[in-house]
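Q: Could you have a look at this structure, given as structure tokens, before my questions?
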Amino acid sequence: MARPSPAEVLRFIAENESFERTLAAYPDLSLQDLRELLHAVARAASRRESQALGLDTTRLRIFCDGAARGNPGPAGAGAVLYTADGRLVERLGRYLGHKTNNHAEYQGLLLGLQRAVELGAREVEVYADSELLVRQLRGEYRVRSEGLLPLWQRARELLGRFDRVRLAHVPREKNREADEMSNRAIDERL
């Protein structure tokens with residue numbers, strides 16, 4: 001897996017650290033305030049990274065996927081972001097532990113959407129090979145799984161941050177890079 005960006009490390013810290021010593025040193029600071037601060041710094045770092053590369057990230061194409069070996073089983077999420085003119089912005093992968101395939105599919109989407117927000121995207125086109133995920137997000141299918149409902153809600157929240165959204169179901173062969181990232185995340189953590 002590629003070396004993580006500073007922004008990705010900050011996001012991971014914001015979501016996974018307990019911050020007991022920091023909160024003890026700054027009693028007027030809540031855990032939520034601290035996490036929001038770290039996310040703001042991560043967003044600024046992401047924008048600087050994309051500007052340094054000379055990429056216009058206001059319009060992005062996101063290819064996302066998830067994989068689980070066994071259902072449930074060891075799982076990974078992947079996303080690949082491109083500019084509107086087809087230039088690679090970033091490949092992302094994350095090991096998820098023991099999860100279902102549908103959970104992994106949603107996590108791949110969330111990984112890509114969160115990164116798009118951090119890069120300052122205003123318009124996104126999302127491509128996924130999970131028909132269930134795309135149809136649930138379009139409102140064509142109900143979310144019946146209690147485990148998927150919070151992921152669906154988070155996805156809707158993130159999608160609401162963009163001025164324009166397009167969701168498309170694509171065949172698996174059109175989503176190979178995101179599939180590769182989700183499987184690589186599993187391979188490198190097992």
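Q: Would a scan of the stretch 175-182 turn up a residue that is more than 18 Å from Glu8 (Cα to Cα), in contact with a strand residue (DSSP E or B) (Cβ under 9 Å, 6 or more places away or on another chain), among the hydroxyl-bearing types (Ser, Thr, Tyr) and surrounded by 14 or more Cβ atoms within 10 Å (Cβ to Cβ)?
A: no
Q: Outside any loop (DSSP other than H, G, I, E, B), under 25 Å from Glu188 (Cα atoms) and basic (Lys, Arg) - does that describe any residue in the stretch 59-78? Can you show your working first?
A: So in the stretch 59-78, the residues outside any loop (DSSP other than H, G, I, E, B) come out as 59-68, 73-78.
Retained after the next criterion (residues that are under 25 Å from Glu188 (Cα atoms)): 62-68, 73-78.
Those still in the list that are basic (Lys, Arg) too: none.
No.
Q: Oh, and also: Counting only residues that are part of a helix (DSSP H, G or I) and without any contact (Cβ under 8 Å) to a residue 24 or more places away in the chain, how many does the stretch 11-48 have? Spell out the reasoning first.
A: Here is the first cut: in the stretch 11-48, the ones part of a helix (DSSP H, G or I) are 11-16, 20-25, 31-48.
When the remaining residues are screened for being without any contact (Cβ under 8 Å) to a residue 24 or more places away in the chain, the result is 12, 15-16, 20-25, 31-37, 40, 44, 48.
Counting residues in the stretch 11-48 that are part of a helix (DSSP H, G or I) and without any contact (Cβ under 8 Å) to a residue 24 or more places away in the chain gives 19.
Q: Okay, moving on. Residue pairs, Cβ under 7 Å, 6 or more apart or interchain, first in the stretch 73-87 and touching a residue at least 12 places away in the same chain (Cβ under 8 Å), second among the polar types (S, T, N, Q) and assigned to a loop (DSSP other than H, G, I, E, B). List them.
A: Going by the 7 Å Cβ cut-off, the qualifying pairs are Thr83/Thr57.
Q: Mind checking whether some residue in the stretch 128-145 is under 24 Å from Val41 (Cα atoms), in contact (Cβ under 8 Å) with a residue 60 or more places away in the chain and crowded, with 23+ Cβ neighbours inside 10 Å? Step through it out loud before you land on a result.
A: Pass one, the stretch 128-145, residues under 24 Å from Val41 (Cα atoms): none.
For the stretch 128-145, residues under 24 Å from Val41 (Cα atoms), in contact (Cβ under 8 Å) with a residue 60 or more places away in the chain and crowded, with 23+ Cβ neighbours inside 10 Å: absent.
Q: Let me ask something additional. Regarding Glu90, is this residue among the acidic types (Asp, Glu), touching a Phe, Trp or Tyr at 6+ places or on another chain (Cβ under 7 Å) and farther than 19 Å from Ile13 by Cα?
A: Values: among the acidic types (Asp, Glu): yes; touching a Phe, Trp or Tyr at 6+ places or on another chain (Cβ under 7 Å): no; farther than 19 Å from Ile13 by Cα: yes.
Judged against the criteria, Glu90 is not a match.
Q: Please find, among Ala116, Ala67, Ala42, the residue that is farther than 22 Å from Asp163 by Cα, under 18 Å from the mean Cα position of the chain (by Cα) and not charged (D, E, K, R).
A: Checking each option against the conditions leaves just Ala67.
Q: Find the residue count for the stretch 161-170, including only residues that are within 19 Å of Tyr141 (Cβ to Cβ) and not hydrophobic (A, V, I, L, M, F, W, C).
A: Taking the stretch 161-170 first, the residues within 19 Å of Tyr141 (Cβ to Cβ) are 165-170.
Restricting the remaining residues to those that are not hydrophobic (A, V, I, L, M, F, W, C) gives 166, 169.
Count: 2.
Q: A further question on this structure: Where the second residue is hydroxyl-bearing (Ser, Thr, Tyr) and the first is more than 10 Å from Asp65 (Cβ to Cβ) and lies in the stretch 175-187, which pairs have Cβ atoms under 7 Å and are six or more apart or on separate chains?
A: Filtered contacts from the stretch 175-187: Ala185/Tyr95; Ile186/Tyr95.
Q: Check Ala45, Ala104 and return the single one that is of a type outside the set (D, E, K, R) and assigned by TED's automatic domain parsing to the domain that holds Ala178. Full working, then the answer.
A: Values: Ala45 fails: assigned by TED's automatic domain parsing to the domain that holds Ala178.
Among Ala45, Ala104, only Ala104 is of a type outside the set (D, E, K, R) and assigned by TED's automatic domain parsing to the domain that holds Ala178.
Q: A further question on this structure: Going by the structure shown, is Leu109 over 14 Å from Val134 (Cα atoms), buried (at least 21 other Cβ atoms within 10 Å of the Cβ), out of contact with any Phe, Trp or Tyr (no Cβ under 6 Å at 6 or more places or on another chain) and in the same structural domain as Pro150 (by TED's automatic domain parsing)? Please lay out each step first, then the result.
A: Details: over 14 Å from Val134 (Cα atoms): no; buried (at least 21 other Cβ atoms within 10 Å of the Cβ): yes; out of contact with any Phe, Trp or Tyr (no Cβ under 6 Å at 6 or more places or on another chain): yes; in the same structural domain as Pro150 (by TED's automatic domain parsing): yes.
Against the criterion (over 14 Å from Val134 (Cα atoms), buried (at least 21 other Cβ atoms within 10 Å of the Cβ), out of contact with any Phe, Trp or Tyr (no Cβ under 6 Å at 6 or more places or on another chain) and in the same structural domain as Pro150 (by TED's automatic domain parsing)), Leu109 does not qualify.
Q: Quick one: which of Ala178, Ala128 is in the same structural domain as Arg69 (by TED's automatic domain parsing), over 18 Å from Pro74 (Cα atoms) and in contact with a Cys (Cβ under 6 Å, 6 or more places away or on another chain)? Walk me through how you get there before you give the answer.
A: Numbers: Ala178 fails: over 18 Å from Pro74 (Cα atoms).
From the options Ala178, Ala128, the qualifying one is Ala128.
Q: Let me ask something additional. Of the conditions (1) within 19 Å of Asp56 (Cα to Cα); (2) surrounded by fewer than 16 Cβ atoms within 10 Å (Cβ to Cβ), Leu149 fails just one. Which one is it?
A: Only one criterion in (1) within 19 Å of Asp56 (Cα to Cα); (2) surrounded by fewer than 16 Cβ atoms within 10 Å (Cβ to Cβ) is unmet by Leu149, namely (1).
The values are calculated or read from the model by the stated rules, or taken from the named source; none is laboratory data. This structure is a prediction, so every number in the text was calculated from the model and none was measured. Reconstructed Cβ throughout: ideal geometry from the backbone, glycine too, with neighbour counts over all protein chains shown.
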